[in-house]
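Structure, as structure tokens:
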Amino acid sequence: MTIYTAGKTVVALLYPLLKAVQVYDIKNDVVINSAKKFVEFIEDLFSTISSLEFVRYRDYIFFNKQRLKYEIDSYANLTFLNNQLKNLRIKSITFLPGINQQELIDFADILIKDKVTFLKHFVLKRYPHINVQFLKAHEEADELAENGEAAKKTYFKALKVTKNLMQNLWTGRPVDVKSSRRIVYSLVDSISRDEFGILALTTIKNFDEYTFNHSLNVGILALALGQRIGLDRKSLARLGTSGILHDIGKVEIPKELINKTQKLTDQEWETLKLHSNFGVREILKTRGLDEISMVAIAVAYQHHWNFDGTGYPLREKDEEPTLFARIVRICDSYDAMTTARAYQPVPYLPHFALRVIWSNQNRLFDPVLSKVFTQLLGIYPVGSCLELNTGEIGLVMRQNPSTIDLPIVKIIVDKNKKKVDGKTLDLGMETVIKIVRPTYPQIHGVNPAAYFL
Amino acid sequence: MQGLTKAFKALQMYGMNHSSFRSFYLPFCDKMTDFLKKRNELNLQIDKFKILHENHIVYEEREMDLSIAFKLFKDGIRSISFIGGLTSDELLLLLDVISQPSKDYDVALGLWECNFSHINFYVVEEEEVVDYRIPDAPVEYVDYDEKLKQLIMREKIDIDAVIIPDLKPEEVKHLMKSITDEEKATILPLVVKTLTDFLSTERSQEVIDGLIEILESCVNTKDFYNARRIAYKLRDYPEIKFIDRFENATTIMGFKDTLNVPQNELFNEFLAFIGFFGTKSIPYLVHLMPHTERADRLTALRQRIAYIAQDDPAPIIDFLKNEDTQLMINAIAIVGIMKASKAVEALEALIAHPDERVRLAVLESLGSLRQPDLVVKFMTDPSMDARIKALRILGMLKYPQVYPVLLDKIKHKSFLAFDSTEQREYFNYLTANADSNLVRILQNLLFKRKWFGRKKYRVIRRLAAMALEQIGSEESLQVLRTGAQKRNKDIQAACEIALKGKST
């Protein structure tokens, strides 16, 4: 067994134990059996490895120096472990030979608690076969600040690159291919460092320059979804580029048509539909023909192909959209629905747009990807405004990996309808505060994007 | 750094699979691992032509193509660090990236794609963006609650439905398969399909140029499946001479290996692709043919060239005068397949060619061209194979004019000296061109009294009996039945064998 597989298995065995101690008493059979399985497995490992060390570094989990990738079958386990370690400010945990079931259960029991409780119990009780190292204050602050700042920097740089790319195409000027490639790589890095940090920035919408922000947002959403399903870096780079370039054919559609506020005539609609075809030509103009551009060409052409065989441009009966085109199809629809545009001045609420996607799976959208997309964004996606039973308005800042309908919110409007810089609440941990309903931020005079900058 | 330099140079010179590269690479790995065991980290600063460690120059090379420092520096890499746990695979990937020969290759992106766990690098950003302004939302009065109700009505969705997005095991499996398929699948067929579909709706120079670019790449990589699909589409644009670029000696002789690949599919795709070639390519294709090892493929290639030359056989006919026998033979075969009547004169001139292979090819083609008058000339060819072949062709062509001549030959005593195969062919010809008198003639040959040379004549009796059996009429079978009752043992045996053949 490789170190990587061993690490993945250890996390996969630790996760049910942590979930069990969350729900049951530590003397419950479920807890005991989970601990037994874990101990049996690591005892075998100790015959070849002297210690099992988990290190958390910038949302990555390393097992004995091997980075464990977030894959579809390990995503929940790793995310949970990462969040627990992050919340408790733990830098590393090392399991040593000799550990028994009871020591493990006791440790698991405090690992799911809050930071203060964990520290209290960890200091009071001895864990002879478990070593824990904590983040130093400056490391923690640096990490948060670094992630946030890096995400912003990447987003705005990517926006600038996207804008330049499209404007140069409009005006027939040469395109800087190298920058556009590199920015996608930065986006991939940003997503893998802190998914929610950059996802939050997709709440930045631009009514006047819809196409630029929309293109970038689709690229970011596609990358986040791609990462969730376990695509490797190379594939993510191709997916991100395809997401950004999916609507590039619109540069050939008259602006009056794109900005038309009334209902389009049949003829105008047919013209607009041509943007999928035009995208092919524009990508050829921009990038020449390398592998990345070939993938982007296919996605630009297929991104309005529906899961049930309908959509445009017309296709042969047995032709199916590629995985990337199916991803972009979902992300494109979601961002388009949640953005105010000329013919849709009031956008859909994020949670509502997500329900539209959910209810159209199998028809318009790939059902499995729709599910993963919902897991990714949560029932109330980042940037949603929620009316709480306290009368306050909370802005969704992050998802809770274990409770997708109870996100982490920041209070931005108090019960007297005054804008405030309120506290951050983990609704998953709250027993009294409940969500009443999602609400339009405009009603409260707030722009969600502003809170992420 | 010395180890890295040596391994880098060896990789550039010999490639990754060469033993010389490994002899430099493995010690480099060991040194690196030893260093990291002691120090846990190695940080290197990259300058234009120099690499520094703790402010000391540890590497310097001012020749751009050879300089590791320059290769890293030009793409913005300013530092690189190796940390404990570094694996030999990671070092190999690193070397592979920095030794990429293309000037357009972005080393920073290459390193990024490797996703190293134990190698970090820092790349300078070209430009910083500090303006984080967000656009204002449009201000207008809207009854949002009312709007939401309208949207719910429009979308016809249950806003309170419970959503459980957990994946079932089979869905996870399906997704994993989709990902593997996507990673394995080559994008080229899809792009070709997309671009050709595009052209079905609209003519676009960019798309045509793109297809031609892909076509060139397909031809270079011997991907004739996609090349054929592109060529088929581009044929709709006769003004675009997309095949011209391949109709030269270098490209066509470059197909040599394809002729003998083990996969028939690839060979057939190649044949299909060259079907788009024009007359200009014929001389090169004829020169390519002798490299074909398999007879069936040579035949297929001849047929394909015949197809290409169908409108103008002149370039092929030119090869009938070529000094190279192999080229000449292939050209003779092709004019036969083409049924190029213009080639008859040139073929006639080759009837007496000293090389038997040439004469046989000429004979075959004259047969295809239905030229029995010329085929007859081979009846006196010094080669028995040619004579036999001529008889077969004449039989097929139903050419009765030569019938009396052959009969005389059979009756002549010299016929007994012929090889049995040739003798049989004479009789085959007779049956192929049978007339009402033939049964009587064969009967005479079968029942002829022989006082001398009975043993040798036994063959004639048997061939006559077989010919009667082949004719198969009531009259001819009656002759055989009568013969079977004769007291002459030779006649009896010949007839019984023939009748036995009939019954089986």
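Taken together, the values in this text are just the output of simple stated rules run on the coordinates, not laboratory data. Since we're looking at a predicted model, the values are computed, not measured. Reconstructed Cβ throughout: ideal geometry from the backbone, glycine too, with neighbour counts over all protein chains shown.
So, R0 is 60 Å and r is the distance between the beta-carbons of B:S117 and A:K273; what FRET efficiency does that work out to, to 0.05? Show your work: numbers first, answer last.
Values: r = 46 Å, r/R0 = 0.76.
Computed FRET efficiency for B:S117 and A:K273: 0.85.
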Study note, to complete from the structure: The computed P(r) of the protein assembly as shown puts the percent of Cα pairs beyond 56 Å at 37 percent
Practice item. Grab the Cα-Cα distance for B:M16 and B:K413, subtract it from 0.36 nm times how many residues apart they are, and report the gain in nm with one decimal. Key: 135.3 nm
Exercise for review: Report the local net charge at A:D335: Lys and Arg +1, Asp and Glu -1, summed over other residues whose C-beta lies under 15 Å from its C-beta.
Suggested key: +1
Point to revise | Reference-scaled alpha-carbon Rg (2.2 N^0.38 Å with N residues) for chain B | key: 1.70
Check your understanding: Across segment B:1-77, how many lysine pairs, 8 or more apart or on two chains, come within less than 15 Å at their alpha-carbon atoms?
Key -> 6
Practice item. With the cut-off at 28 Å, report for chain A the share of all Cα pairs above it, as a whole percent. Key: 55 percent
Check your understanding: If each of B:R487 and A:E320 carries a label point 7 Å out from its Cα toward its Cβ, how far apart are those two points in nm?
Key -> 8.8 nm
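Exceeding 25 Å between C-alpha atoms, which entries from my cross-link table qualify? They are A:K153/A:K178; A:K273/B:K222; A:K8/A:K120; A:K178/A:K255; A:K69/B:K173.
Correct reply: A:K273/B:K222; A:K8/A:K120; A:K178/A:K255.
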Check your understanding: Could you give the angle, 0 to 90 degrees to the nearest 10, between helix A:3-23's Cα long axis and the longest principal axis of the Cα atoms of chain A?
Key -> 80 degrees
Check your understanding: Thinking of segment B:222-277 as a set of Cα atoms, what percent of all their pairs are more than 12 Å apart?
Key -> 66 percent
Practice item. With no solvent and one equal point scatterer per Cα, compute the Debye intensity ratio I(q)/I(0) for segment B:286-404 at 0.10, 0.20 Å⁻¹ and report its log10, rounded to two decimals. Key: -0.28, -1.07
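So between B:A161 and B:D65, what do we pick up on full extension, going 0.36 nm a residue minus the alpha carbon distance?
Length gained between B:A161 and B:D65: 28.2 nm.
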Practice item. Mind checking which of A:F63, B:Q478, B:F121 is farthest towards the positive end of the protein assembly as shown's charge dipole, using Cβ charges of +1 (Lys, Arg) and -1 (Asp, Glu) about the Cα centre? Key: B:Q478
**Study point:** Average projection area in nm² (convex hull over Cα atoms of segment A:68-185, one quarter of hull surface)
**Key:** 10.7 nm²
Exercise for review: For segment B:334-396, take the alpha-carbon Rg, divide it by the Kirkwood Rh, and send me Rg/Rh.
Suggested key: 0.92
Revision key, fill the gap. Which of B:K256/B:K280; B:K321/B:K389; A:K160/A:K205; B:K389/B:K409 exceed 21 Å between C-alpha atoms? The answer is B:K321/B:K389
Check your understanding: Angle, helix A:177-193 long axis vs. longest principal axis of chain A, Cα atoms, 0 to 90°, nearest 10?
Key -> 30 degrees
Review point. Looking only at chymotrypsin sites (Phe, Trp or Tyr not before Pro) in DSSP loops with at most 16 other Cβ atoms within 10 Å, what is the longest site-free stretch of chain A?
Key: A:47-206
Revision key, fill the gap. In vacuo Debye sum over C-alpha of segment A:323-453, base-10 log of normalised intensity I(q)/I(0) at q = 0.14, 0.21 Å⁻¹, listed in q order, is -0.64, -1.22
Check your understanding: What is the magnitude of the charge dipole of chain A about its Cα centre, with +1 placed on the Cβ of each Lys and Arg, -1 on the Cβ of each Asp and Glu, and no other charges, expressed in debye to the nearest 20?
Key -> 860 debye
Review point. How big is the C-alpha Rg of segment A:385-452 next to the rule-of-thumb value 2.2 N^0.38 Å, as a ratio?
Key: 1.01
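Using the Cβ atoms and a cut-off under 11 Å, what net charge is assigned to the surroundings of A:K415, where Lys and Arg are +1 and Asp and Glu are -1?
In short, -1.
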**Study point:** Using a Förster distance of 25 Å, the FRET efficiency for B:E206-B:V124 (Cβ separation, nearest 0.05)
**Key:** 0.15
Review point. So which trypsin sites (Lys or Arg not before Pro) in segment A:276-328 end up in coil per DSSP with only 14 or fewer other C-beta atoms within 10 Å?
Key: A:K317
Study note, to complete from the structure: Compactness check, segment A:140-377: C-alpha Rg relative to the 2.2 N^0.38 Å globular estimate gives 0.96
Exercise for review: Answer with one residue from B:H287, A:F41, A:P97: the one whose Cα lies farthest towards the positive end of the charge dipole of the protein assembly as shown, charges on Cβ with Lys, Arg +1 and Asp, Glu -1.
Suggested key: B:H287
**Study point:** Nitroxide proxy distance, nm - points 7 Å out along Cα→Cβ at A:H444 and B:N264
**Key:** 7.2 nm
Review point. R0 = 25 Å: FRET efficiency of A:K255 with A:Q344, Cβ-based, nearest 0.05?
Key: 0.90
Point to revise | Per DSSP, loop trypsin sites (Lys or Arg not before Pro) in segment B:410-454 with at most 16 further Cβ within 10 Å | key: B:K448, B:R449, B:K450
Point to revise | Degrees, to the nearest 10: B:188-201 long Cα axis against longest axis of chain B | key: 80 degrees
Practice item. Quick one: plug the Kirkwood hydrodynamic radius of segment B:2-123 (C-alpha pairs) into Stokes-Einstein at 10 °C, 1.306 mPa s, and report D in µm²/s. Key: 110 µm²/s
Study note, to complete from the structure: Env charge @ B:T33, Cβ radius under 12 Å, K,R +1 / D,E -1, value +1
Point to revise | Size of electric dipole in the protein assembly as shown: Cβ of Lys, Arg +1 and of Asp, Glu -1, about Cα centre, debye, nearest 20 | key: 3960 debye
Practice item. Report P(r) for segment B:433-504: all Cα-Cα distances, bin width 5 Å, range 0 to the bin holding the largest distance, values in whole percent. Key: 3, 19, 34, 24, 14, 5, 1
Review point. Using modelled backbone amide H atoms (1.01 Å from N, in-plane), which distant-in-sequence or interchain residues come within less than 5 Å of B:V58's amide H?
Key: B:I51, B:L52, B:H53
Practice item. Any chance you could run the full-extension gain for B:F447 through B:N322? It's 0.36 nm times the residue separation minus the Cα-Cα distance, nm to one decimal. Key: 39.7 nm
Study note, to complete from the structure: Taking a crude spin-label model, label points 7 Å out from Cα along the C-beta direction, the A:K234 to B:A295 distance in nm is 4.5 nm
Check your understanding: Taking amide H positions as placed 1.01 Å from N in the peptide plane, with prolines and chain starts having none, which residues 5 or more places from B:Q100, or on another chain, fall under 5 Å of its amide H?
Key -> none
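Please give the charge dipole size of segment A:3-135, origin at the Cα centre, charges +1 on K and R Cβ atoms and -1 on D and E Cβ atoms. Round to the nearest 20 debye.
580 debye
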Check your understanding: From the residues B:G336, A:G219, A:A450, which one has its Cα farthest along the dipole of the protein assembly as shown in the positive direction, the dipole being from +1 and -1 charges on Cβ of Lys/Arg and Asp/Glu about the Cα centre?
Key -> B:G336
Check your understanding: How long is segment A:3-135 along each principal axis, judged by its Cα atoms, biggest number first, in Å?
Key -> 31, 30, 27
Check your understanding: Could you state the number of Å between the C-alpha centres of segment A:170-235 and segment B:85-116?
Key -> 24 Å
Exercise for review: State the Cα centre-to-centre distance between segment A:93-130 and segment B:411-443 in whole Å.
Suggested key: 106 Å
